[in-house]
Structure formats: C-alpha cells, structure tokens
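Here is the structure we will look at, set down as structure tokens.
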Amino acid sequence: MSRTTETLTISLPPKIAQTVRKTARQENKTKSELFRVALNLYLEEKKKWQINKAIAEGVYDIKNGRVFGPFKNIRDFKKGLEKD
C-alpha cells in the first residue's frame, strides 16, 4: 500500500522553529498541519498576485493603445466590464 503523504525535511532559523512549535501547541495542531495550511494560503495568494499582475498589464496596454480583442480604449474596456 502506498503512502498518501511524503516526508520532507526543511531548515528553519531557530526563532522561527520555536514559533512553529509554540503555535502548534497553542492551536493543538501538528507542525505538518501548520505547514500545509501555510503553503496552501501562500499558493492561493500567489494565484491572486498573478491574476492582479495580468489585469494591471492588460489595463496598461489598453491605456497605451496596445489592445488585442474587442476593446479599442479604456472606455470600451470599462463598458465591457459593466455588461457582465
């Protein structure tokens, strides 16, 4: 039977390691649970950063006349947003 988890080894500065142990005790969780939650939150935030970056780049391109698609300027872009 195969394992449903994989063991990883990480290195942390002593103060962070101490904080991890203390937090795990306070929240009645394992250190692994804390790291799983933290990593999932990080990955969710990373997706948001990537989406926001793409939006910002798109708006920049529209403002500077480099538009691909149905929008010819920022006004058309805003109208398109209002339709949805």
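Entry note, the chain: the mean residue ellipticity at 222 nm calculated from DSSP H runs of n ≥ 4, each adding -39500 (n - 2.57), is -23000 deg cm²/dmol after division by the residues and rounding to the nearest 500.
With a cut-off of 8 Å between alpha carbons and a minimum separation of six or more residues, what is the relative contact order of the chain in percent?
Values: 20 pairs, mean separation 9.7, N = 84.
Contact order relative to length: 11 percent.
A crude spin-label estimate for the pair Lys22 and Ile55, with each label 7 Å from Cα along the Cβ direction, gives 3.7 nm.
If you take the C-alpha gyration tensor of the chain, multiply each eigenvalue by 5 and take the square root, what semi-axes do you get, largest first, in whole Å?
Values: eigenvalues 413, 46, 32 Å².
Result for the chain: semi-axes of 45, 15, 13 Å.
Each residue of region 13-21 is assigned a 3J(HN,Hα), and the resulting list reads x, x, 5, 5, 4, 5, 5, 4, 4 Hz, derived from the Karplus form 6.51 cos²θ - 1.76 cosθ + 1.60 (θ = phi - 60°), x at Gly and Pro.
Values quoted throughout were computed directly from the atomic coordinates according to the rules given, and no laboratory measurement underlies them. This is a predicted model, so every value here is computed, not measured. In this analysis, Cβ positions are derived from the backbone assuming ideal geometry, glycine residues included, and neighbour counts consider all displayed protein chains.
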